[in-house]
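Working notes, beginning with the structure itself.
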Amino acid sequence: MPGTTEYNELMHEIFSSMGENSHISTPITAVRPHNVKIGKNVIVMPGCLMMSAGGITIDDGAMIAANVQIISNNHDLYERQVITCKPVNIGKNVWIGAGATILPGVTIGDNAVVGAASVVTKDVEANTIVAGNPAKLIKVIPPKLESRSQNINDEVIQLGLDSCGD
Ligand SMILES: CC(C)(COP(=O)(O)OP(=O)(O)OC[C@H]1O[C@@H](n2cnc3c(N)ncnc32)[C@H](O)[C@@H]1OP(=O)(O)O)[C@@H](O)C(=O)NCCC(=O)NCCS
């Protein structure tokens, strides 16, 4: 059962390099999970697909929303039984929106955001927001100001460490 010691131990067995306070929800599909490196304080919501032949790294504090696909291999165009592998790197504190797909060879810079349902085909700069298919830059995230206030139209809920909006 999620939240039990047995569940957490099993997740650390499957993802042997996973850091402390990281939480992976089920259902999860991870092909070659030994090729997935997960830092600390990472959240992976339900329905994630990790195709990790090329290697997947998810750095500290990253948040992966529901039904995200992280794919690190293609099939050779002539010999389809041959897969061609390129690593996917997801930086610190990256937030990937629900249903996004990250394609082989992509590096997402620290603090970047990927919009829901985006298909990320190219590297994403740190501190930027990309969205769409193919994903394009929509915003640069400015440095946080001490006096920053929330948008008054948004309801704000403080989440626990193991949650990404559920
Ligand atoms: C990426 C995101 C954070 C951007 O939010 P925002 O900064 O408020 O962006 P805006 O709503 O101002 O949109 C800016 C532009 O990008 C477009 N855009 C925003 N999100 C998009 C998306 N996911 N796909 C395609 N285009 C998108 C908007 O249509 C708008 O285009 P326009 O300038 O032509 O009108 C948000 O749209 C999003 O996708 N959030 C993910 C939510 C989610 O998955 N939550 C799960 C819980 S963890």
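For the range 1-146, the solvent-accessible area of protein heavy atoms averages 54 Å² per residue (probe radius 1.4 Å; ligands and nucleic acids excluded). Considering only protein heavy atoms and a 1.4 Å probe, what is the carbon-and-sulfur percentage of the accessible area of the chain? For the chain, the apolar C and S fraction of the accessible surface comes to 53 percent.
Kirkwood's formula applied to the C-alpha pairs of the range 32-92 gives a hydrodynamic radius of 12.1 angstrom. As a calculated quantity, the FRET efficiency between residue 13 and residue 98 at R0 = 25 Å, using C-beta atoms, amounts to about 0.35.
Across the range 74-83, coupling constants 3J(HN,Hα) worked out from phi with the 6.51/-1.76/1.60 Karplus curve, θ = phi - 60°, read 10, 9, 4, 5, 10, 10, 5, 7, 9, 9 Hz, and Gly and Pro carry x. Under 21 Å of direct C-alpha separation, and excluding same-chain neighbours fewer than eight residues apart, residue 139 reaches these lysines: 92, 122. Taking label points 7 Å from Cα along the Cα-to-Cβ direction, residue 79 and residue 126 give a separation of 4.0 nm.
Net charge in the neighbourhood of residue 122 (other residues with Cβ under 14 Å of its Cβ; Lys, Arg +1, Asp, Glu -1) is 0. Computed from phi, the 3J(HN,Hα) profile of the range 52-65 under the Karplus parametrisation 6.51, -1.76, 1.60 (θ = phi - 60°) reads 10, 4, x, x, 10, 10, 10, 7, 3, x, 5, 10, 10, 6 Hz, with x in place of Gly and Pro. Computed per residue of the chain from DSSP H runs no shorter than four, each worth -39500 (n - 2.57), the mean residue ellipticity at 222 nm is -2000 deg cm²/dmol. Distance distribution note for the range 13-166: the fraction of Cα pairs above 26 angstrom is 24%.
Gain in length, residue 6 to residue 34, computed as 0.36 nm per residue apart minus the alpha-carbon separation, to one decimal in nm? Don't skip to the answer; put the middle values down first.
Numbers: separation 28, 0.36 × 28 = 10.08 nm, distance 1.94 nm.
In short, 8.1 nm is gained.
In the calculated pair distance distribution of the range 1-44, what percentage of Cα-Cα distances lie above 15 Å?
Values: 337 of 946 pairs.
So the pairs more than 15 Å apart make up 36 percent of the total in the range 1-44.
Mean projection of the Cα convex hull over all viewing directions, computed for the range 44-130: 5.0 nm².
The values are calculated or read from the model by the stated rules, or taken from the named source; none is laboratory data. Owing to the predicted nature of the structure, the values given are computational and were not obtained by experimental measurement. Note that we place each Cβ from the backbone using ideal geometry, even for glycine, and neighbour counts take in every protein chain shown. With ligands, DNA and RNA removed, areas are computed over all heavy atoms of the protein, side chains included. Shrake-Rupley method; radii C 1.70, N 1.55, O 1.52, S 1.80 Å.
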